[in-house]
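For reference, the structure discussed in these notes is given below.
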Amino acid sequence: MSLFDFLKKKETSVVGIDIGASSIKVVQLKKRQGVAVLETYGELSLGPYSDAEIGQATNLPASKIAEALKDLLIEANVTAKKAGVSIPFSSSLISLILMPALNPKNLSSMIPIEARKYIPVPISEVTLDWFVVPDEGSSFDEDYEYGGQINEDSVKKTEGGKKIKVLLVAIHNDILNKYNEIINSTDLAVGFFEIEIFSAIRAVVEQSIIPTMVIDMGARDTKLYIVEFGIIKASHVINSGAQDITQTLSKSLSISISKAEESKRKSGIIENFGDNKIVDSKDIIVSALERIFTEANRVMTQYQQKNNKNIGNVILTGSGAMMKGILPVAEKHFETSVTISDPFSKTKSPAFLEEILKEVGPGFAVAVGLALRRLQEID
């Protein structure tokens, strides 16, 4: 043992756990010399735990999800105990509300009262979180404390004004109880539960004053987030996701769900697959994607007209964004820059993994975002 070993800062690993509709994903990071270093990552499909196919959305009880999570932690060789866990966007309610410009203590007393106007269930049945949205003229770093914290300076600056904007977040207690049951079956030390929208944004959106649209393509649905100054200004859900494409391929090409999913992942829109000489697999996928991107463009146009400002770029993320050939299809629908997310670019990893991490990265955006926040919390 070196004489100066006691001076070295102990390296601590953390894990981000994204429990999705069709799979669970984990990303383990540690901080070394101020840099987030990737240690391991992994994904496990939930379909087999509910007698469904790989890639299909599920609705499993807590016990089955816990079983799958423990299996994944072993298979991915996750050693970290400090964790952050995602909550599905569909299990939450997020509203931007106007409140009187009060100090944090008084504001905290008024929020539950005001929240009754926006939440369709009794306040006693939900857990609330909230934070003050800074003025657009203020910088991200000055006014915004990420993760549901209030920066008192942002409130004080508006004391003389009439109203301040507050982002209100509510999660039903039944959902939190379910996730606590899942975690209690492991030996993980969970620092927080976070709605997936915040985790994804942390991983894929750079701090910028340019409005950005994030298109998060999941198995069951596609979520749209519009972000300005690091703040969510609008959200929208399209009831179509990656599993719908698989099911359409299966029916149109007369192949099994598992074969359709496998071929979709392997070939995407790059090449045709299947034995059907009449139906083109690429046309089927493109048609499904165009419905999603047309709706996304409608939401973008509506936002731009309402707020009299242009969205500067579109970021594709989620497992659906991993499909080969998806970028050119998306670019045809938006008169702005379109990119595919690269969340692992915010971590350090071996050079030989660079290409594979870019390829699978969009599907791990939430898990990376969770791990990055957990890493910050243990500093």
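Here, each number is a calculation from the coordinates, and none is a lab measurement. From a predicted model like this one, the values you see are computed outputs, not experimental measurements. All Cβ positions, glycine included, derive from the backbone under ideal geometry; neighbour counts span all protein chains shown.
The stretch between LYS332 and GLU181, if pulled fully straight at 0.36 nm per residue, gains 49.9 nm over its current Cα-Cα span.
A cut-off of 5 Å between modelled amide H atoms, ignoring neighbours fewer than 5 places along the same chain, links GLU39 with GLN28, LEU29, LYS30.
Using the crude model of +1 on Lys and Arg Cβ and -1 on Asp and Glu Cβ, and no other charge, please compute the dipole size for the chain relative to its Cα centre, in debye to 20. Write out the running numbers ahead of the final one.
Values: 42 positive and 48 negative charges, 68 e Å.
Rounded to the nearest 20 debye, it is 320 debye.
Using a cutoff of 8 angstrom between alpha carbon atoms and counting only pairs six or more residues apart, the relative contact order for the range 169-306 works out to 14 percent. Each label was represented as a point 7 Å from its Cα along the Cα-to-Cβ direction; for LYS165 and LYS324 these points are 4.2 nm apart. Note on the chain: helix-only mean residue ellipticity at 222 nm, from DSSP H runs of 4+ residues weighted -39500 (n - 2.57) and normalised by residue number, equals -10500 deg cm²/dmol. Residues whose amide H lies under 5 Å from that of GLU194, counting only those 5 or more places away or on a different chain, are VAL85, SER86, ILE87; hydrogens are built 1.01 Å from N in the peptide plane.
Pairs spanning more than 31 Å between alpha-carbon atoms, out of LYS233/LYS346; LYS266/LYS348; LYS82/LYS165; LYS178/LYS259: LYS82/LYS165; LYS178/LYS259. Contact order for the chain, expressed relative to its length and based on alpha carbon pairs under 8 Å spaced 6+ residues apart, stands at 20 percent.
Hey, got a sec? Which GluC sites (Glu not before Pro) in the range 188-288 land in a DSSP loop and have at most 14 other Cβ atoms within 10 Å? Mind showing how you got there, number by number?
Details: sites: GLU194, GLU196, GLU206, GLU228, GLU261, GLU262, GLU271; in loops: GLU206, GLU271.
Sites meeting the loop and neighbour criteria: GLU206, GLU271.
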